[in-house]
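Please read the structure below before turning to the comments.
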Amino acid sequence: MHLGLEKKVVLLTGGTKGIGRTMVRAFLEEGATVHFCSRTESDIKDANEKLAKDFPNAKAIGSTVDITDQSQLTSWVNSSAEQSGSIDVVVANVSAQAIPDTIEDWQKTFQTDLLALHVLVQTAIPHLEKSKGNIITISSVSGRDIDFTTPGPYGPGKAATIHYSASLARKLAPKGVRANTCSPGNIYVKHGTWGDLERDEPDLFKKQMELNPMGRMGKPEEIANAVLFLASEKASFVSGANLTVDGSLCNGVQF
Ligand SMILES: NC(=O)c1ccc[n+]([C@@H]2O[C@H](COP(=O)([O-])OP(=O)(O)OC[C@H]3O[C@@H](n4cnc5c(N)ncnc54)[C@H](OP(=O)(O)O)[C@@H]3O)[C@@H](O)[C@H]2O)c1
């Protein structure tokens with residue numbers, strides 16, 4: 001399937017590790033220009049160098065931005081649009097990933113998963129209206145299942161992300177802008193959440209692995225492929241959707 005993402009300008013938060021890193025590479029493979037960010041300057045420098053080598057014909061521009069800092073975030077969005085001439089796709093990938101049920105973690109979740117998402121989207125909307133672009137928010141199966149992360153803020157934050165994205169879809173449809181969510185299941189990355197748990201808490205990791213009906217966790221490429229589809233014109237009538245990519249981990253029917 002030809003996705004037609006060549007020359008599209010993608011803005012993606014959290015692109016140096018895990019699923020975000022793989023999504024950056026997947027968009028570059030399609031010939032898109034990708035602006036991505038993270039908080040760690042050395043990771044951004046390394047990623048910029050590596051991506052320039054690996055994708056000599058594409059354009060990857062990493063910037064050091066903490067999305068919870070509103071002025072950093074808005075100036076990154078606007079300067080990316082200015083530098084590349086437009087924004088066609090916004091992928092809101094960063095989450096506080098805060099599981100403990102503490103006031104501090106609820107605050108972090110609100111600041112990162114909701115408030116920063118709102119600022120990102122509000123700043124990008126004028127650019128997306130011009131390009132008739134689209135927004136993809138990254139939620140989680142924890143937004144719809146009562147799983148090991150409960151009763152902390154992670155699940156409620158992810159549920160709110162799905163709701164916010166669907167409401168954006170309704171509001172922006174008349175302007176030709178789509179909004180969708182992708183909800184990953186357990187996605188294994190060696191130096192990521194599940195790889196760390198496998199090393200640090202092998203019993204808990206084994207228990208979680210056994211919940212996966214396919215007998216394995218997902219690969220970040222499997223999320224990137226779903227996101228590429230949602231971002232492309234092949235999904236031109238898909239808006240307000242929550243695309244769960246979890247190998248049937250969720251035990252429930254999504255109506
Ligand atoms: N992995 C899974 O199994 C799984 C399952 C379901 C949903 N998800 C969701 O998928 C998304 C990505 O998860 P992941 O596991 O790939 O995460 P990850 O490996 O921890 O990577 C997170 C990325 O975001 C950056 N980041 C974090 N906070 C930031 C901030 N405030 N400002 C800018 N950048 C920030 C990190 O870099 P710095 O730390 O250097 O800033 C890193 O590049 C999250 O929304 C997560 O909830 C993941």
Members of the range 183-197 found to be near the ligand (Cβ under 6 Å from one of its atoms) and under 25 Å from Ser165 (Cα atoms), listed by number
Pro184, Asn186, Ile187, Thr193
Can you report the number of residues in the range 21-61 which are farther than 21 Å from Val189 by Cα and open to solvent by less than 60 Å² (accessible area, probe 1.4 Å)?
10
Between Asn180, Asn212, which is in a loop (DSSP other than H, G, I, E, B), within 16 Å of the ligand (Cβ to nearest atom) and surrounded by 15 or more Cβ atoms within 10 Å (Cβ to Cβ)?
Asn212
Which ones in the range 119-162 are open to solvent by 40 Å² or more (accessible area, probe 1.4 Å), farther than 18 Å from Leu211 by Cβ and of a type in the set (S, T, N, Q)?
Gln122
Which numbered condition in (1) within 15 Å of the ligand (Cβ to nearest atom); (2) at pLDDT below 95; (3) not in a helix (DSSP H, G or I) is the only one that Asn251 fails?
(1)
So for the range 68-76 (the condition being out of contact with any Leu (no Cβ under 6 Å at 6 or more places or on another chain), in a loop (DSSP other than H, G, I, E, B) and either at pLDDT 95 or above or away from the ligand (no atom under 13 Å from the Cβ) (or both)), does at least one residue qualify?
yes
Single condition Asp69 does not satisfy, out of (1) open to solvent by 60 Å² or more (accessible area, probe 1.4 Å); (2) free of Cβ contacts under 8 Å to residues at least 24 places away in the same chain
(1)
Considering residues of the range 215-229 that are within 14 Å of the ligand (Cβ to nearest atom) and either open to solvent by 80 Å² or more (accessible area, probe 1.4 Å) or among the charged types (D, E, K, R) (or both) only, the residue farthest from Val245 (Cα to Cα):
Arg216
Scan of the range 77-118 for residues that are open to solvent by less than 70 Å² (accessible area, probe 1.4 Å), more than 13 Å from the ligand (Cβ to nearest atom) and of a type in the set (Asp, Glu), ordered by number:
Asp88, Asp105
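The values are calculated or read from the model by the stated rules, or taken from the named source; none is laboratory data. All of these numbers come straight from a predicted model, not from anything done at the bench. Quick reminder, even Gly has a Cβ in these numbers, built from the backbone with ideal geometry, and neighbours come from all protein chains shown. Heavy atoms of the whole protein, side chains included, go into the accessibility calculation; ligands, DNA and RNA do not. Shrake-Rupley method; radii C 1.70, N 1.55, O 1.52, S 1.80 Å.
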